[in-house]
Amino acid sequence: MIAARIAGKKSFAATLALALGLALPGAAWSQNYDVRDVSVTPDAGARTGAAVAGTLTASAVVPSLSFNSTNLSAPAVLAAPAVSAAAPAAAPAATPAAAPAAAPVAAPAAAPAAAIAALPSSSRAPAASGRAELDAVSRIAEEPAGKIGAVEIVSLGRDFDGAKPSASAVPTAPLDFNRGGAPRSSHPVLARAPVTAQANATQKRMLASLYQVASIFAEQYAPLDMKKERFQLDLKRGYDAAKAAILADPGITTRGYQDLLAKLVASMRDYHVSISFNSTESSKLPFQVAQAGGRYYLAYVDREKLPKEAFPFQMGDEVVSFGGQPTAAAVKAIADKMTANTPETDQRMAEMFLTNRRRSRGDKDIPKGPVEIVIRSKGQFYKIRMPWDYTPELLAQDVPLRNAGLLEPEGMGAAPAGPAGFLHSVGQAFSDAVHPLVDLFTDIRAESSDNGFMIGARKSFIPRLGQVLWQSDEDSHFHAYIFKTKDGRKMGFIRIAAYDGKNKEVQEFARIMAKFQAETDALVIDQVNNPGGDVFYMYALASHLTDKPLLTPRHRMIIGEAEAQQSADLLLKMLRDSKKPAAIESKEKTPKKADAEAPNASGYPITAKFLALMIRSSQFILKEFNAGKRYTDLTYVGGVDDIDPAPKEEERYTKPILLLTNALDFSGGDFFPAIMQDSRRATILGVRTAGAGGIVKPYAVSQFGIARLSATGSLAQRANGQPIENLGVTPDIPYEMTARDLRTGFAEYRWKILKALDAVTAPRLR
């Protein structure tokens with residue numbers, strides 16, 4: 001058991017362990033409640049974690065580990081020769097008292113006066129010496145509650161050759177796992193050959209599970225033919241490779257099998273395709289990097305965990321190396337394990353995951369213990385060592401599956417499970433257009449709520465654009481304000497963080513649009529880092545941004561018995577509720593009820609016209625299915641072929657719109673700019689969106705720790721005939737974040753936005 005506390009605050013992992021009555025794996029923990037001292041004493045030789053400043057981190061294999069924070073000072077900026085961070089020179093051990101005094105060195109401008117301490121050579125000894133390297137540091141940064149502990153900073157002077165900038169960290173070639181064979185026009189047939197007699201029980205179960213997963217993609221994955229033509233995807237080849245790997249390893253573990261599944265899923269090169277696993281193991285660092293011009297910079301620092309006194313670096317300082325290798329190489333290593341999809345998006349995703357690793361996402365070898373990075377600030381290089389904030393695995397692995405008697409299955413498993421929890425209400429069919437890892441993004445965002453680079457953050461990194469005259473309340477769903485430009489004009493700004501709201505949020509959006517329509521000359525919509533959401537909620541927001549119908553994408557959809565049943569149920573319900581439902585052709589716009597009471601689908605009004613379109617859509621799906629089609633001709637989501645303007649004229653924004661996008665806009669975050677661009681309703685500035693171009697469908701596959709599997713159930717096509725999948729939406733005005741942006745609070749970005757606003761409003765002024 002463990003109960004670690006610093007300055008009166010328990011570590012999260014320790015508190016959780018106490019609450020659950022758990023002993024963390026691999027160690028026998030002692031209790032210590034001293035407010036100013038933390039002591040962790042594991043069994044000799046055990047792999048353990050160390051509670052440092054309220055954060056559970058992991059050390060190397062050591063017999064003991066102890067930190068005392070009674071007399072800690074400001075950060076120790078330690079003098080050292082200019083050596084590569086990847087291979088520090090070892091020297092005989094020396095005690096702090098015996099170490100010679102070090103000459104002061106220049107510290108970053110942000111650093112306060114700091115005590116200068118010598119770095120004993122023993123602190124650079126390998127972990128095999130029997131003590132953690134940080135034990136030998138004579139003085140470290142103060143560790144108040146909630147802060148990350150044991151941050152070591154070493155000045156390397158002005159010369160460092162341990163890393164060189166790279167123009168790109170993201171591979172663009174298809175994964176070898178998928179290649180081989182010419183594209184084929186039909187879905188591959190996965191053979192149900194009998195399991196070999198040599199396979200043990202675990203292997204047989206894994207083969208059955210593998211067949212189930214592969215069958216979902218063979219039968220339910222809408223863009224499969226497109227992927228074969230564009231990327232030479234060969235699902236059968238990938239399935240055979242995974243099958244062979246299982247049969248070749250009689251001792252294969254659950255995690256080994258999960259890694260094979262993750263590789264198969266990544267081969268789809270689709271951001272909507274995702275698999276996640278049941279796991280608590282994770283590791284994170286309290287900062288985030290971003291690439292600009294081939295170099296990597298600090299984009300965010302969590303000052304609650306890394307105060308300036310302990311980490312005197314700031315946004316825009318260059319991160320030269322990470323973990324003993326150039327930062328570009330470290331990011332590329334993350335990107336290589338991803339989907340090899342849209343290069344810009346893979347790049348930004350890899351940057352985010354560099355300092356946030358989770359087994360639930362399929363990450364292997366979750367890091368723990370100290371990590372070494374090199375930062376260049378004000379012309380000086382500094383070597384920093386800090387511990388990963390590591391959470392161990394609390395779920396047992398390789399628990400035998402129960403078998404009630406079916407010991408020798410003849411085939412490769414049951415038919416794939418249908419969509420989990422398929423929605424059965426009017427207006428919700430095929431409505432999920434959201435990144436499948438949205439729950440993960442929510443968890444990450446909660447850990448650093450002030451990080452404007454997080455996907456779905458209420459406030460993004462986009463800077464204030466002028467003098468604020470009005471703004472929404474902090475508890476408002478939307479971050480919105482009116483600002484004044486230098487020439488005295490009033491402009492509106494609103495952040496759409498995700499398309500995840502309901503009617504309440506739509507009504508709030510409508511009120512803001514009414515205010516903007518009355519008081520502003522143009523509108524900036526911030527949609528960067530948007531994971532998508534509900535199609536009809538997105539349609540509802542868009543209806544308040546126009547006085548003319550907006551074009552919607554058409555889809556080719558995967559359908560089956562569940563979708564046919566849903567369509568039939570809707571038609572039967574309408575027959576019961578109305579004498580002549582099929583004859584509804586009314587153009588009536590809204591029911592005669594208050595806004596909050598009016599029937600709606602995620603805020604989009606259910607009018608007589610909407611019901612008629614839904615009926616036609618249901619009839620279309622039934623007709624296609626009864627004709628033997630499981631992949632439909634082009635149609636519209638819910639039958640909605642265009643988005644009608646909002647019912648109340650005063651709640652429609654009709655003035656120029658500038659829409660900001662980037663590479664972390666997924667799904668609904670792709671559809672919205674596509675709709676606005678195809679309808680010529682907005683000018684788009686920024687970076688191409690991710691290209692997640694379809695509707696998401698979840699599937700239930702519960703064995704071997706599989707928590708969730710999702711696949712793309714439709715393939716969307718824009719008005720010009722191009723798919724959104726893998727292409728995204730290209731902005732009208734390209735703009736890529738620069739190093740100067742990161743150093744100056746996005747001054748260049750602000751200038752570009754204001755210049756674009758001048759351009760989009762110029763015709764109105766003339």
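Can you tell me which residue in region 200-225 is farthest from A700 (Cα to Cα), limited to those that are part of a helix (DSSP H, G or I), small (G, A, S) and under 28 Å from the mean Cα position of the chain (by Cα)?
Residue satisfying both the conditions and the ranking: A218.
Restricting to region 239-275, what's the tally of residues that are farther than 21 Å from E229 by Cα, in contact with a strand residue (DSSP E or B) (Cβ under 7 Å, 6 or more places away or on another chain) and part of a helix (DSSP H, G or I)?
Total satisfying the criteria: 3.
Could you look through region 282-323, keep only residues that are of a type in the set (G, A, S) and touching a strand residue (DSSP E or B) at 6+ places or on another chain (Cβ under 6 Å), and pick out the one that is nearest to T355 (Cα to Cα)?
S283
All but one of (1) at pLDDT below 95; (2) surrounded by fewer than 18 Cβ atoms within 10 Å (Cβ to Cβ); (3) in the same structural domain as V535 (by the TED database) hold for I606; which doesn't?
Failed condition: (3).
State which residue pairs qualify: first residue closer than 30 Å to L395 by Cα and inside region 278-304, second residue of a type in the set (F, W, Y) and modelled with pLDDT under 95 in any location, beta carbons under 7 Å apart, and separation of 6 or more residues or different chains.
Listed by first residue and then by second, the contacts come to Q288/F453.
Pick from region 366-407 the residues that are under 23 Å from L260 (Cβ atoms) and at pLDDT below 90: which of them is nearest to the chain's Cα centre (by Cα)?
By that ranking, first place goes to Q397.
Just one of the numbered conditions (1) modelled with pLDDT of 95 or more; (2) more than 27 Å from G488 (Cβ to Cβ); (3) in contact with a Pro (Cβ under 7 Å, 6 or more places away or on another chain) is not true of D547; which one?
Against the list (1) modelled with pLDDT of 95 or more; (2) more than 27 Å from G488 (Cβ to Cβ); (3) in contact with a Pro (Cβ under 7 Å, 6 or more places away or on another chain), D547 comes up short only on (2).
From the list G294, G256, G323, exactly one residue is of a type outside the set (S, T, Y), under 27 Å from G728 (Cα atoms) and out of contact with any Phe, Trp or Tyr (no Cβ under 9 Å at 6 or more places or on another chain). Which is it?
None of the others qualify; the one that does is G294.
Please give the strands (runs of 3 or more DSSP E) falling wholly within region 326-390 in which 1 or more residues are of a type in the set (F, W, Y) and farther than 19 Å from T280 by Cα.
In region 326-390, the matching strands (runs of 3 or more DSSP E) lie at 380-387.
Here are G694, G721: which of them is free of Cβ contacts under 8 Å to residues at least 60 places away in the same chain, closer than 21 Å to T632 by Cβ, not in a helix (DSSP H, G or I) and not aliphatic (A, V, I, L, M)?
G721
Would you pick out the residues in region 620-648 that are assigned to a helix (DSSP H, G or I), of a type in the set (A, V, I, L, M) and under 32 Å from the mean Cα position of the chain (by Cα)?
V637
Could you check how many residues of region 477-488 are surrounded by 14 or more Cβ atoms within 10 Å (Cβ to Cβ) and either hydroxyl-bearing (S, T, Y) or at pLDDT below 95 (or both)?
Qualifying residue count for the region: 2.
Since A497 meets every condition but one in (1) without any contact (Cβ under 8 Å) to a residue 60 or more places away in the chain; (2) crowded, with 24+ Cβ neighbours inside 10 Å; (3) in contact with a helix residue (DSSP H, G or I) (Cβ under 8 Å, 6 or more places away or on another chain), which condition does it not meet?
(3) is the only condition that A497 fails.
Considering only region 614-649, how many residues are closer than 20 Å to A540 by Cα and among the polar types (S, T, N, Q)?
Matching residues across region 614-649 total 2.
The values are calculated or read from the model by the stated rules, or taken from the named source; none is laboratory data. Worth saying up front: this structure is predicted, and the values here are computed from it rather than measured. Neighbour counts are summed over all protein chains in view; Cβ atoms, including those assigned to glycine, are modelled from backbone coordinates with ideal geometry.
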